[in-house]
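Contents: one structure, followed by commentary.
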Amino acid sequence: MMAMPNTLSVLALFALFFVLSNNGAEASHKIYPRFQTLSVENVNQVHRTGYHFQPPRNWINDPNAPMYYKGLYHLFYQYNPKGAVWGNIVWAHSVSKDLINWESLEPALYPSKWFDNYGCWSGSATVLPNGEPVIFYTGIAEKNNSQIQNYAVPANLSDPYLREWVKPDDNPIVNPDVSVNGSAFRDPTTAWWADGHWRILIGSRRNHVGVAYLYRSRDLKKWAKTKHPLHSVQGTGMWECPDFFPVLSFGENGLDPSVNGQNVKHALKVSLDLTRYEYYTLGTYDNKKEKYFPDEGLVDGWGGLRLDYGNFYASKTFFDPSTNRRILWGWANESDSVQQDTNKGWAGILLIPRKVWLDPSGKQLLQWPVVELEKLRGHNVQLSNQKLNQGDHVQVKGITVAQADVDVTFSFPSLDKAEPFDPKWAKLDALDVCAQKGSKDPGGVGPFGLLTLASENLEEFTPVFFKVFKAVDKHKVLLCSDARSSSLGEGLYKPSFAGFVDVDLTDKKLSLRSLIDHSVVESFGAGGRTAITSRVYPTIAVFEKALLYVFNNGSETITVENLNAWSMNLPVMNVPVKNRGRENPRNE
Ligand SMILES: *[C@@H]1O[C@H](CO)[C@@H](O)[C@H](O)[C@H]1NC(C)=O
Ligand SMILES: *[C@@H]1O[C@H](CO)[C@@H](O)[C@H](O)[C@H]1NC(C)=O
Ligand SMILES: *[C@@H]1O[C@H](CO)[C@@H](O)[C@H](O)[C@H]1NC(C)=O
Ligand SMILES: *[C@@H]1O[C@H](CO)[C@@H](O)[C@H](O)[C@H]1NC(C)=O
Ligand SMILES: *[C@H]1O[C@@H](CO)[C@H](O)[C@@H](O)[C@@H]1NC(C)=O
């Protein structure tokens, strides 16, 4: 079933409040005083997602403290119960048996003590060896946004829903010392055990240096900062939401955060407040030296590897012991204006959780939407052995393409026609290469791929495509998710997101999976080597007016070897858990 179009009129009233103000807070915590308690009267459904995680209304940002406990996945997230912009943040709470169908509970954490009276910001869960969970989170105790770290524990360990959390009076557990910038000190990680101590990271900055401070403790209550940060990088600015985890050097299984040693590498991911993008490195964690050493040859900074080359931020992983996977969760903000968010009554979605593991090359991580998502697959259509000559676009019909899962493998007879890769582009971001070499630019091998959320006369479309270039000693593959033609609407952010795909082309094949869901297109190139998420807001290509094509604009003929596309059903979303323990006045 698909949500029906809802032609709610724009609330002209809100136009009166068009004055935005910023109190000088960082990009992550922009304050819009006029908007943050403007209660949502109507929720505009047109661009709401069908199967992505979204609360019924209002603002959401970072996923917090994902964990598995007594048969349930727990998801907390930064949520404004009073409006569609950032503010009044509480930890909203949902639970699921399968990471796809979600029931909601009362907020788990909200300002209630002196040490978090002005905010309960992001944090993580740690499941201790005895099975008990503990949450570490950033509390704001003063009006000036100074940041301290607190902990919370479940009130009732027998309750699998973990409805109620207690914030003990010995909080805070970590105060910034004089060497730490107390206005830039947040987002504690999951704790891990190493060399006789528990350890956590806290994101920070020292002038322009991005820093992951390392703290250690024997009892999880008294924490001491180590002599040196675990890692820091000049010129990267504030590190938000650090995530540090071990990966196995072979296979797809995940690891408990405390595992280290042979056949284990570590990944360190940070969210850069200055660019609002993330990057990660792979490397070695030395327990004794209390240091992390990124592998040689990896870019450790703005141009580094990304989990997603599009709209993806404040991500966090957790280890799922029930399936031995490491699961990654990211947040995608809106690409429209604050005014439009207020008009539509909601802002922010979480992306589909992804399994992450190490590529056999050891040089990057791989990702794939959790297999549980496939339970939502409904009607299926297929294409095979479909030739695409230059300029062809062939429609994929018979499913709800605005709410779909598409998996396709393309092949090409040869790479001879690949255009040379201009050495000048090596200095550019992939996004800029995509902007120069868009889907319309006639190429050699590519552009070919999917044309998602397209209107009948192609006034609007979001192409997700490959383009293969010839570089000095090998080929360079670009994957683009180009929002520039996605909408005729105004005031939208429409970047040509792109990333290079480090893939072996000897079999002359490239695969692509795209999760299309009304205003989001989440794509995975070459089996999860490169992921890109775009937020788009078509005005014509909505609901059954949206069309899907495969296309080729390169001179080399491309074959759609095999395409499977499914209509996606709606999951259970935001249904309150029955028999609540207590009513919470903060719950809307
Ligand atoms: C915030 O205000 C408190 C109380 O006045 C002060 O102790 C603290 O140092 C301030 N923090 C920052 C980061 O300015
Ligand atoms: C704790 O949770 C269990 C399981 O839901 C419930 O039976 C019990 O009544 C709860 N105890 C308290 C004190 O609320
Ligand atoms: C401390 O952090 C705040 C917030 O990011 C920033 O405005 C300030 O410049 C920082 N101070 C130093 C010395 O880095
Ligand atoms: C393919 O190229 C033609 C000619 O430039 C253009 O009109 C068409 O929009 C292109 N297709 C896509 C998907 O960009
Ligand atoms: C999401 O919104 C766009 C458009 O306003 C901004 O350009 C991005 O910086 C922002 N991303 C994040 C992570 O906040």
Scanning segment 173-212 for residues that are at positive phi and out of contact with any strand residue (DSSP E or B) (no Cβ under 7 Å at 6 or more places or on another chain), which turns out nearest to ligand 2 (Cβ to nearest atom)? G196
Verdict on N156 being closer than 25 Å to N207 by Cα and either open to solvent by 60 Å² or more (accessible area, probe 1.4 Å) or within 27 Å of the chain's Cα centre (by Cα) (or both): no
When you scan segment 143-153, how many residues do you find that are open to solvent by 30 Å² or more (accessible area, probe 1.4 Å) and within 14 Å of ligand 3 (Cβ to nearest atom)? 3
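Yes/no matrix, rows are residues, columns are (1) part of a loop (DSSP other than H, G, I, E, B); (2) within 16 Å of ligand 1 (Cβ to nearest atom); (3) within 23 Å of the chain's Cα centre (by Cα); (4) not charged (D, E, K, R):
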| residue | (1), (2), (3), (4) |
| --- | --- |
| W198 | no, no, no, yes |
| L201 | no, no, yes, yes |
| S204 | no, yes, yes, yes |
| R216 | no, no, no, no |
| D219 | yes, no, no, no |
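Residues are listed down the side, and each one gets a yes or a no for (1) over 27 Å from V371 (Cβ atoms); (2) touching a helix residue (DSSP H, G or I) at 6+ places or on another chain (Cβ under 7 Å):
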| site | (1), (2) |
| --- | --- |
| V477 | no, no |
| R484 | yes, no |
| S496 | yes, yes |
| S534 | no, no |
| V560 | no, no |
| S567 | no, no |
| V577 | no, no |
Can you name every residue in segment 314-326 that is surrounded by fewer than 21 Cβ atoms within 10 Å (Cβ to Cβ) and not in a loop (DSSP other than H, G, I, E, B)? D320
Looking at this structure, is I100 within 16 Å of ligand 3 (Cβ to nearest atom) and surrounded by 21 or more Cβ atoms within 10 Å (Cβ to Cβ)? no
Tell me which residues, restricted to segment 159-180, are of a type outside the set (A, V, I, L, M, F, W, C), within 16 Å of ligand 1 (Cβ to nearest atom) and surrounded by 15 or more Cβ atoms within 10 Å (Cβ to Cβ). P172, N175, P176
Kindly indicate whether K344 is under 23 Å from Q36 (Cα atoms) and not aliphatic (A, V, I, L, M). yes
Within segment 142-192, residues hydrophobic (A, V, I, L, M, F, W, C), farther than 18 Å from G210 by Cα and assigned to a loop (DSSP other than H, G, I, E, B) come out as A155, L157, L162, I173, A191
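Residue-wise test of (1) closer than 27 Å to I148 by Cβ; (2) open to solvent by less than 10 Å² (accessible area, probe 1.4 Å); (3) not in a strand (DSSP E or B).
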{"site": "H228", "(1), (2), (3)": "yes, no, yes"}
{"site": "C241", "(1), (2), (3)": "yes, yes, no"}
{"site": "V259", "(1), (2), (3)": "no, no, yes"}
{"site": "V270", "(1), (2), (3)": "yes, yes, no"}
{"site": "L274", "(1), (2), (3)": "yes, no, yes"}
Would you point out which residue out of S146, S217, S179, S204 is of a type in the set (S, T, Y), at pLDDT below 95, out of contact with any Cys (no Cβ under 8 Å at 6 or more places or on another chain) and away from ligand 5 (no atom under 16 Å from the Cβ)? S146
Looking at this structure, is Y285 within 19 Å of R206 (Cβ to Cβ), of a type outside the set (K, R), in a strand (DSSP E or B) and in contact with a Leu (Cβ under 9 Å, 6 or more places away or on another chain)? no
Checking the structure you have, find out if any residue of segment 58-79 is open to solvent by 10 Å² or more (accessible area, probe 1.4 Å), over 23 Å from L328 (Cβ atoms) and in contact with a strand residue (DSSP E or B) (Cβ under 8 Å, 6 or more places away or on another chain). no
Segment 430-473, residues that are farther than 24 Å from N311 by Cβ and open to solvent by 60 Å² or more (accessible area, probe 1.4 Å): P442, E456, N457, K470, V472, D473
Output the strands (runs of 3 or more DSSP E) that fall wholly within segment 327-429 and possess 2 or more residues being crowded, with 21+ Cβ neighbours inside 10 Å and away from ligand 4 (no atom under 16 Å from the Cβ), or say none. 354-358, 365-369, 403-411
Given G254, G304, G283, G235, which one is in the same structural domain as L72 (by TED's automatic domain parsing), small (G, A, S) and surrounded by fewer than 19 Cβ atoms within 10 Å (Cβ to Cβ)? G235
From the list G50, G131, G119, G123, pick out the single residue that is open to solvent by less than 20 Å² (accessible area, probe 1.4 Å), of a type outside the set (D, E), outside the structural domain of A546 (by TED's automatic domain parsing) and more than 18 Å from W329 (Cα to Cα). G119
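The values are calculated or read from the model by the stated rules, or taken from the named source; none is laboratory data. Since the model is a prediction, treat every value here as computed from it, not as a measurement. Backbone-built Cβ (ideal geometry, glycine too); neighbour counts: all protein chains shown. Keep in mind that these areas ignore ligands, DNA and RNA; they rest on the heavy atoms of the full protein, side chains included. Shrake-Rupley method; radii C 1.70, N 1.55, O 1.52, S 1.80 Å.
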